[in-house]
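Note sheet for the following structure.
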Amino acid sequence: MEISALFIGLRLALSLFELNSALVNGYREGLKQRAVLTEARSNDGVSTEASSVKCKLQGTTRLPVFSMDGDYIIGGVFSIHHYIHTVKHNYTTIIDTRELRFSRAMIFAIEEINNSTKLLPGIRLGYQIHDSCASVPMAVQVAFQLSNGLDPVFYTGDNCSQSDTVMAIIGESGSTPSISMSRVIGPFNIPQVSHFATCACLSNKQEYPSFFRTIPNDQFQADALAKLVKHFSWTWIGAVRSDSEYGNNGMASFLDAAHKEGICVEYSESFYRTDPRSKIQRVADVIRRSTATVVVAFAASGDLMILFEELTQKPSPPRQWIGSEAWVTDPNMLRFTLCTGTIGFGIQQSVIPGLRDFLLDLSPTEVAQSPVLTEFWEHAFKCRLGKSAATDERLCDGTEDITTLQSPYTNKQKFRITNMVYKAVYAIAHAVHNTVCQKTNSTIHLNIQIYELVNWQKSKSGSIELVTVGLYDASLPVGQEFHINKNITWVEDSTQVPSSVCSDSCPPGTRKVLQKGKPICCYDCIPCPEGEISNATDSPDCFPCPKEFWPNAERNICFPKPVEFLSYNEVLGIILAAFSVGGACLAVITAAVFFRHRTSPIVRANNSELSFLLLFSLTLCFLCSLTFIGTPSEWSCMLRHTAFGITFVLCISCVLGKTIVVLMAFKATLPGSNVMKWFGPPQQRMTVVSFTFIQVLICTIWLVLRPPFPLKNLTIYKERIILECALGSVVGFWAVLGYIGLLAVFCFVLAVLARKLPDNFNEAKLITFSMLIFCAVWITFIPAYVSSPGKFTVAVEIFAILASSFGLILCIFAPKCFIILFKPEKNTKKHLMNKNQY
C-alpha cells in the first residue's frame, strides 16, 4: 500500500478517531494510484536498471534500533539516548531507560495485535523503531527516512516518490522534535501519533494536519490547574516555572486560565537547573517573603529539585504546593518533606496485562543481538556482555536477574505514559483494520480529558507516598469536574483547606477597589455608587439594579421605581383634557349654529359643505389629543400620531379648498370666465380626499414598517420611570409633520394672495390669520418638543394640537358666528355683496 496515494485528499481532523476514516479513504485512492502506476511501468517498456532516471536517497541511511517485517509497517521514534554535558566541550551519551520502555511497549502491542484473531486477522504488522537521540536534526532525518524507506536507490518512472514508506509513525516524546517531524511528514499525509508531546500548538490542524496524540496537551492541564485553584477558593497565589518550552508555555496557559477564573498571581518566577545559585536563591527568597500561601509550579522535576534543595537549607513559611504532571508524580521528588500535602495532576494509571512480564523477559542471548539492549544490560549490571572486559570491568556471566533492578524500565506495575504508547499502537491498528476490512465500527476509546488528582501524604513509616485522591474530568459540566473520593492532606499535615487571599472580605453594600500597584485581588472596600448595589459578602463589584428598580439607603436591596406618565389624575392632565373636550364641544356648537342657519347668506356664501367638513375635522383634532393622555399602550401609541396627522391634514385640506374657492370665485366674476365649472363641489371633494389620502398613505407605511410603540424611558430620570410612546420611525413622524407643514404653507400663500379680493364674502383674510397662528404654533413646537423632558413632551404636543385647533376655529368661524348670532342685520345678501365692508 503506497502512502502517497493512501492519503490523497485526506483532511485529518480534530481527534485520533478520525484516523479510521482517513485510512479508509486513503486506501481506496491508493489502490487507484497503484493501478495507474503499475500500468505506466508496464507501458514504459524500460527496466529500472536500463533507465537513465534513478532516484537516490541523500545522506547515510540509519538502521532502526528495532525492526520487523510485516504487511504494514508502523514507524516509531523515541529518544532512547540523549546527550549530557559533563565537562566543558565534552559530551557523553546515556541511555534513557524510560524511553527504552516506551519502544519495548510498542513492540509488545504490535506482537499482541499480530497474535489476535479479531483485530487484523491474517495480517501481520511490522515496525521500524528509530532512536532520535533527543536531537531535533536527528528526528528530522529519521522522519525523512521513514517517509522514503530504506532503499538507497529507487525508480518510479519519470518522477521520484516514496518507494517503501511506513503506514504511520508513533512519536516523538518531546514537543519540539514532534513539531519538526510533523512539518516533514505532513505534506505526505503520514499520520503521526505522539504519546508525550503536550504542546498546545500541535493542536493547530492548519499547521499540523496529520498530527495526533494520545495524551492531553498542556492547555488541558493548565485549565485543570486553574480550576483546581478556583475549586478551593484560592485567589492569591505564587507561580514558579522552568525556564524552558514546557515551563514557559505551560505557565502562560495557566496564567491565562487563572485570570479568567479571577485568580491573582503575587509573583511569577522562572529558573533553570543550570542557572547560577544566586538566581535560585533569589527565587527561594521571593517564595519566603511572599504573602501567598499557595504556590503553583509548572516545572520539570530536575529543575524543581534544585529549588527544593535550596528551600530546605532555609525553610520558608508553610506553603501549599500545586504541581504539574511532570514533577508531582515523580517518585524521586517525594523525599522533600517540606512539600507534604502537595496536590496536582497525573495521567491516569493503567494496567497493561502481560507488559511487565514482556519487559522482564530478556535473556542474555536476546540482549546480545541488540546493541541498544546490550548497552542497557551492561549499564544496569555494570558488566561487559560477550566482550573482553577491561581491568576494572567484569564479564556478564548469565546470572544477572533483571527482576532485581530498580529502574524506570522495570519498577512499574501500573503505567502512565507507557499506556499512551500502547494506545497509540492500537489506535493505528484499528484504523488499518477499518481500511483493510472495510469496516467503520472498530474504534479505540481514549479518555484523554481525565486526570488523576494526586496528593503527597505521609505514611505510617514517615515517608511520603503518592496517593490518588480523586479524578478531574473536563467533559463534565462546569463546577462538577472534580470527584474527590479520599481525604486530602494539606500543608503541615493539616486536614483543613488552607486560605490564600490578599484582602479581607467586603460586606454587602460595598465593592472592591484595586489597591494601587497591586493585583485585582488586593482591594479596599468602598460603598457602591448611586444606582448600584452589592448583596453578597466579598462582592468583586457592585452591579446596577434592574432597569425598573432603585437601591435602598444601604445599597444592598433594589426597590421598584415609581412610574410616571401624563395621567388624567394629575392637574396638568385634567386641564389639557378639559381644553380638549371644550374645543370639541365648541366645534360641535359651531356646527350646530351653522346647521341652524344653513340657509342664511353668510353660511351659503362661505361654502357650507367645506365648512361642515372643516368643523368635523376640528372636532376630531380636539378629541385626538385625548389619546395622548393616560397609560401608553400599543394601540394608543399608534393611534395618537396617525389620528393627529390624518385629522390635521383633513382640516388643512378643507381650509385649502376654501381658499381655492375664494380665488376661483373672484376669477369667475371676470367677463368670459368659466373657471368655476372646473372647481365645483365635486372637484372640491376630490381635492380634500386626494390631500388626505396622501397622509393616510404616509401613516400606513409608517405603521407597517416601524410603528410607534409604548416605551419605558429609563434615561431621563435615574430614580423613576417615564412611560411614553416611542416614535418607531423618526422619519415617519417627521414625514407626517412635514406634510402638514407643507399644506399649511401652501394654504397660507394662497390666502395671502386672496386676502385683498374686494368682496365681503372673501374669508381669505381670516384664513391668512388662522394659518399664521397655525404655522407659528408648530414652528415653536419643534424646539419645545425636542427639549422637553418626560411627560412634558406629551404636554407640549397636546398644547400644539389644541392651540392650532383653537386658532383655526376662532379665526375662521368666530366672526361668522358673531354675525349670525349678534349681528343678524349683516347676514343678508345685500350686505354681503357690498365690497370692502365685511
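The values are calculated or read from the model by the stated rules, or taken from the named source; none is laboratory data. The shown structure was predicted, so the numbers you read here are calculated from the model rather than taken from an experiment. Ideal geometry is used to build each Cβ from the backbone, glycine not excepted, and the neighbour counts take in all protein chains shown.
Residues that are assigned to a loop (DSSP other than H, G, I, E, B), in the same structural domain as ALA474 (by TED's automatic domain parsing) and within 33 Å of the chain's Cα centre (by Cα): does the stretch 275-290 have at least one? Among the residues of the stretch 275-290, not one is assigned to a loop (DSSP other than H, G, I, E, B), in the same structural domain as ALA474 (by TED's automatic domain parsing) and within 33 Å of the chain's Cα centre (by Cα), which makes the answer no. Of everything listed in (1) touching a helix residue (DSSP H, G or I) at 6+ places or on another chain (Cβ under 7 Å); (2) polar (S, T, N, Q); (3) at pLDDT 80 or above, the single unmet condition for THR780 is (1). Whether a residue is surrounded by 15 or more Cβ atoms within 10 Å (Cβ to Cβ) and not assigned by TED's automatic domain parsing to the domain that holds VAL478 was assessed, and TYR208 passes this test. Counting only residues that are touching a helix residue (DSSP H, G or I) at 6+ places or on another chain (Cβ under 8 Å) and more than 14 Å from ILE352 (Cα to Cα), which one in the stretch 112-123 is surrounded by the most Cβ atoms within 10 Å (Cβ to Cβ)? Only one residue tops the list, namely LEU120. Within the stretch 237-258, residues that are touching a residue at least 12 places away in the same chain (Cβ under 8 Å) have Cβ atoms under 6 Å from residues that are polar (S, T, N, Q) and in a strand (DSSP E or B) in these pairs: ALA239/SER268; ARG241/SER270; ASP243/SER270, counting only partners at least 6 apart in sequence or on another chain. Scanning the stretch 243-257 for residues that are crowded, with 21+ Cβ neighbours inside 10 Å and in contact with a Lys or Arg (Cβ under 8 Å, 6 or more places away or on another chain), we see that the one that is modelled with the lowest pLDDT is GLY247.
If you check PHE595, PHE549, PHE543, which single one turns out to be over 26 Å from VAL796 (Cβ atoms), surrounded by fewer than 17 Cβ atoms within 10 Å (Cβ to Cβ), at pLDDT 90 or above and not acidic (Asp, Glu)?
Every option except PHE549 fails the conditions.
TYR451 meets the stated requirement of being under 30 Å from HIS231 (Cβ atoms) and either modelled with pLDDT of 90 or more or basic (Lys, Arg) (or both).
Pairs are defined by a Cβ separation below 7 Å, a sequence spacing of at least 6 or placement on different chains, a first member in the stretch 218-235 that is farther than 16 Å from VAL478 by Cβ and among the β-branched types (Val, Ile, Thr), and a second member that is assigned to a helix (DSSP H, G or I) and at pLDDT below 95; no pair meets this definition. Taking the stretch 553-576, which residues are surrounded by fewer than 13 Cβ atoms within 10 Å (Cβ to Cβ), touching a strand residue (DSSP E or B) at 6+ places or on another chain (Cβ under 8 Å) and more than 28 Å from PHE792 (Cα to Cα)? Within the stretch 553-576, none qualify. Being buried (at least 24 other Cβ atoms within 10 Å of the Cβ), polar (S, T, N, Q) and at pLDDT 85 or above is a property that SER633 lacks.
Of all the residues in the stretch 484-502, those that are among the hydrophobic types (A, V, I, L, M, F, W, C), surrounded by fewer than 16 Cβ atoms within 10 Å (Cβ to Cβ) and either outside the structural domain of PHE336 (by TED's automatic domain parsing) or not in a strand (DSSP E or B) (or both) number 1. Tallying residues that are under 42 Å from the mean Cα position of the chain (by Cα) and either touching a residue at least 60 places away in the same chain (Cβ under 8 Å) or outside the structural domain of VAL77 (by TED's automatic domain parsing) (or both) within the stretch 119-137 yields 0. Taking (1) β-branched (Val, Ile, Thr); (2) surrounded by fewer than 24 Cβ atoms within 10 Å (Cβ to Cβ); (3) at pLDDT 85 or above in turn, VAL193 satisfies each apart from (2).
Results for (1) loosely packed, with under 13 Cβ neighbours inside 10 Å; (2) in contact with a Ser or Thr (Cβ under 7 Å, 6 or more places away or on another chain); (3) more than 27 Å from GLN219 (Cα to Cα), shown as yes or no for each residue.
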site	(1), (2), (3)
LEU471	no, no, no
GLY479	yes, no, no
PHE482	no, no, no
ASP504	yes, no, yes
PRO508	no, yes, yes
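Quick one: is SER268 over 26 Å from the mean Cα position of the chain (by Cα) and without any contact (Cβ under 8 Å) to a residue 24 or more places away in the chain? Taking the combined requirement at face value, the residue does not satisfy it. Would you tally the residues in the stretch 602-622 being in contact (Cβ under 8 Å) with a residue 40 or more places away in the chain and either assigned to a loop (DSSP other than H, G, I, E, B) or buried (at least 18 other Cβ atoms within 10 Å of the Cβ) (or both)? Looking only at that region, the number is 13. Look at (1) under 21 Å from MET167 (Cβ atoms); (2) of a type in the set (S, T, N, Q); (3) in the same structural domain as ASP275 (by TED's automatic domain parsing) and you find that ASN248 fails only one, number (1). Flag set for ALA643, criterion: modelled with pLDDT under 90, within 60 Å of the chain's Cα centre (by Cα) and surrounded by fewer than 23 Cβ atoms within 10 Å (Cβ to Cβ).
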